[in-house]
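The values are calculated or read from the model by the stated rules, or taken from the named source; none is laboratory data. Keep in mind it's a predicted model, so treat the numbers as computed, not measured. Because the Cβ atoms are built from the backbone with ideal geometry, glycine has one as well, and the counts that use them run over all protein chains shown. The protein model used for the area step is the full one, side chains on, heavy atoms only, and it has no ligands, DNA or RNA in it. Shrake-Rupley method; radii C 1.70, N 1.55, O 1.52, S 1.80 Å.
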Amino acid sequence: MAMIISSFCKQISCLILLLLLVFLPTQSSATSSSIITDRLIQCLNNRSDPSSPVTGLIYTPLNSSFTSVLQTYIRNLRFNESTSPKPILILTAEHVSHIQAAIMCGKEGRLLMKTRSGGHDLEGLSYVTTTNKPYFIVDMFNFRSIDVDIDQETAWVQAGATLGEVYYRIAEKSSTHGFPAGICPTVGAGGHFSGGGYGTMMRKYGLSVDHIVDAQLIDANGEVLDRESMGEDLFWAINGGGGVSFGVILAYKIKLVRVPEVVTVFTINRTSEQDLASLAQRWTQVADKLDDDIFLRMVLDVINDTNGETMVRGTFPTLYLGNSTSLFTLLEKDFPELGFQMSDGIEMSWVESVLYYTNFPIGTPTAALLSRTPQPQIVVHLKNKSDYLQSPISKQGFEYIFERMKELAPITIDFNPYGGRMSEISEFAKPFPHRSGNIAMLQYLVIWNETGTKAENENIKYARMMYDYMTPFVSKNPREAFLNYRDLDIGVNDHGKNAYIEGMVYGHKYFKETNYNRLTKVKARVDPHSFFRNEQSIPPFSS
């Protein structure tokens, strides 16, 4: 009996030891995280301007409002799961000193800092990380002022302002001014502008970055710089190279563009049962050659007919900077195959066209642009990829594409036409190099509602398969991609000793070789230790 008891006690002791080995690292990790967070909070309090304390602006997981503050600006629900990485702290900065403090404290604690302006980044890199390292967020949504000067035709726009707010404030001052940027009104200006920024006026005026004349940035030393003090190389880099690699963007000064009192919009739909393949082929032949005032997008998706059979639908949403009579004359001459009729055109103001293009009902008050709550179809689980079309696609090519799309029913492909002003600007003028020689930029989008890993893996697989199917039709060597359509599939960087080489993999796709090299040299000068970094940020140049 004594031997049995002794053996039993030994088993219990081993079990207790095993449990300690399992749970102690977790407790130790939690304690360590708590210490790191406490030190960060203390540092933020010490370094912030005493006249603008950070009290009430810091949220940790122990705060009851932490989850709502984090989730309010998450636009891709893939990164809003219970298993998604969470920051140790969110700082909702209200004063420049708060951001300066965050940078200095982040460097002292060797912490990863994320900067979020609108949360629409497609891989969630402004609020999640693929590493297991502790990180914190500086949320810029309080930096949202917009100062429009119609006499000078300029506006200072803070990074946390939304595009909808920008458009509304411009229209508030003038019915004949606008700005060439994106169609989604809840996108944050900071990330959108710094990555390039395109929209329905890019064929007429180019990109957002083609109309930025000044900027304010806080660098890795906590210094506030404008265009003059930062120098032309850094100013060039943050106008299409992504500001997040070089500092924290506070504001951009933009040059407004002229728009007519009346613009025309329309949307025409065709299906694969109406010889959509021939129409799509023709689109690739003419869309980049139409009058510069016409932005005629082609959107392909999969729908079911009345019998439940799948078919591909082509939607052609269009903005014309002029009246419907002139538009009819131009399309009748250059693209009669579309079948545009005068009755299809809807005349409205330019700012109203923003609402139309975002699928608001006609007649929606323009004050809707001030809402920071995105439409339900915007906040979804999604995977996005991009490409560039440089040669027309044949009818047979589109028939092949349609068959593949029907296999992968959730897929949508947007064809965004180039030409016009986009073909006139040098690929070296800004870090964004995709200019002359491109017919269109393609966006692949898969959206799903189900939560969980199984649904995510399946739908991401669809996006990757469609991307592979499109290989014969798109740019090569490199296969180019758009920075603002962030895609971690094309390469990631762990920012170790091979950071420069790892950066080439995605850097050449986003920027091409010459611009990538210039960006890395700017990085080496202004942030040689890569404090500002993410999985696809610019690494310092290494010879």
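Relative to the longest principal axis of the chain, what angle (0 to 90°, nearest 10) does the C-alpha long axis of helix 499-526 take?
Helix 499-526 sits roughly 60 degrees off the main axis of the chain.
Straight-line reach from Lys86: which aspartates and glutamates have a Cα under 18 Å away, not including same-chain ones fewer than 8 places off?
Asp38, Asp121, Glu123, Asp139, Glu535
Would you mind getting the accessible area per residue of region 391-528, heavy atoms of the protein chains only, 1.4 Å probe, in Å²? Mind dumping the intermediate values first?
Numbers: 5870 Å² over 138 residues.
On a per-residue basis, 43 Å².
If you look at just the Cα atoms of region 396-503, how large are its Rg and its Dmax in Å?
When restricted to the Cα atoms of region 396-503, Rg and Dmax are 16.4, 47 Å.
Determine, at each q value in 0.14, 0.27 (inverse angstroms), the log₁₀ of I(q)/I(0) that the Debye formula gives when each Cα of region 314-361 is one equal point scatterer.
The Debye formula, applied to the Cα set alone, gives -0.36, -1.12.
Check region 414-515 and count each lysine pair with an alpha-carbon distance under 25 angstrom, considering only pairs eight or more places apart or from different chains.
Taking the Cα cut-off of 25 Å, the pair count is 9.
For the chain, what is the relative contact order in percent, using Cα pairs closer than 8 Å and at least 6 residues apart in sequence?
On the way: 1081 pairs, mean separation 76.1, N = 543.
Relative contact order for the chain comes out at 14 percent.
Please give the per residue accessible area of region 127-262, computed with a probe of 1.4 Å over protein heavy atoms only, in Å².
Per-residue value: 31 Å².
Going by Cα centres, region 367-382 and region 427-458 are how many Å apart?
Cα centroid to Cα centroid, the span is 19 Å.
If you project the alpha carbons of region 460-533 onto their three principal axes, what span does each projection cover, largest first, in Å?
Extents along the principal axes: 40, 24, 21 Å.
Using DSSP to call loops (not H, G, I, E or B), can you name the trypsin sites (Lys or Arg not before Pro) in region 485-543 whose Cβ has at most 11 other Cβ atoms within 10 angstrom? Working shown, then result.
Numbers: sites: Arg486, Lys497, Lys509, Lys512, Arg518, Lys521, Lys523, Arg525, Arg533; in loops: Arg486, Lys497, Arg533.
Here the trypsin sites (Lys or Arg not before Pro) that fit, given the DSSP loop and packing criteria, are Lys497.
What would the Debye formula give as log10 I(q)/I(0) at q = 0.13, 0.25, 0.26 Å⁻¹ for the alpha-carbon point model of region 310-394, no solvent?
With no solvent term, the Cα-only Debye profile gives -0.67, -1.23, -1.26.
With every atom except the alpha carbons ignored, what do you get for Rg and Dmax of region 164-240, in angstroms?
Here Rg and the maximum Cα pair distance are 13.7, 42 Å.
Taking the alpha-carbon centroid of each part, what is the distance from region 508-541 to region 33-70 in angstrom?
30
Please give me, ordered by residue number, the GluC sites (Glu not before Pro) of region 296-351 that lie in loop per DSSP and have at most 14 other Cβ atoms within 10 Å.
On the way: sites: Glu309, Glu332, Glu337, Glu347; in loops: Glu309.
For GluC sites (Glu not before Pro) across region 296-351 that sit outside H, G, I, E and B with at most 14 neighbouring Cβ atoms in 10 Å, the list reads Glu309.
Relative to the Cα centre, what is the charge dipole magnitude of the chain, using +1 at the beta carbon of each Lys and Arg, -1 at the beta carbon of each Asp and Glu, and rounding to the nearest 20 debye? Walk me through the numbers before you get to the answer.
Details: 49 positive and 57 negative charges, 326 e Å.
Computed about the Cα centre, the dipole is about 1560 debye.
Find the Rg to Rh ratio for the chain, where Rh is the Kirkwood radius over alpha-carbon pairs and Rg uses the same atoms. Let's see the in-between values first.
On the way: Rg = 25.4 Å, Rh = 24.9 Å.
Computed over Cα atoms, the ratio is 1.02.
Return one number: the angle in degrees, 0 to 90 and rounded to the nearest 10, between the long axis of the Cα atoms of helix 453-469 and the longest principal axis of the Cα atoms of the chain.
40
Could you tell me the center-to-center distance, by alpha carbons, between region 309-358 and region 146-215 in angstrom?
Spelled out, the Cα-based centre of one part sits 23 Å from the other.
Compute the long axis of helix 96-108 from its Cα atoms, compare it with the longest principal axis of the Cα atoms of the chain, and write down the angle in degrees, 0 to 90, nearest 10.
The two axes meet at around 50 degrees.
In the structure displayed, which of Lys204/Lys333; Lys173/Lys383; Lys204/Lys385 lie more than 28 Å apart, Cα to Cα? Please list the in-between numbers first.
On the way: Lys204/Lys333 19 Å; Lys173/Lys383 38 Å; Lys204/Lys385 25 Å.
Correct reply: Lys173/Lys383.
With only alpha-carbon atoms counted, please give the Rg and Dmax of region 352-451, in Å.
17.4, 46
For a quick check: with amide H placed at 1.01 Å from N, whose amide H comes under 5 Å from Ala440's, ignoring anything fewer than 5 positions away on the same chain?
Those lying under 5 Å, H to H, from Ala440 are Leu389, Tyr418.
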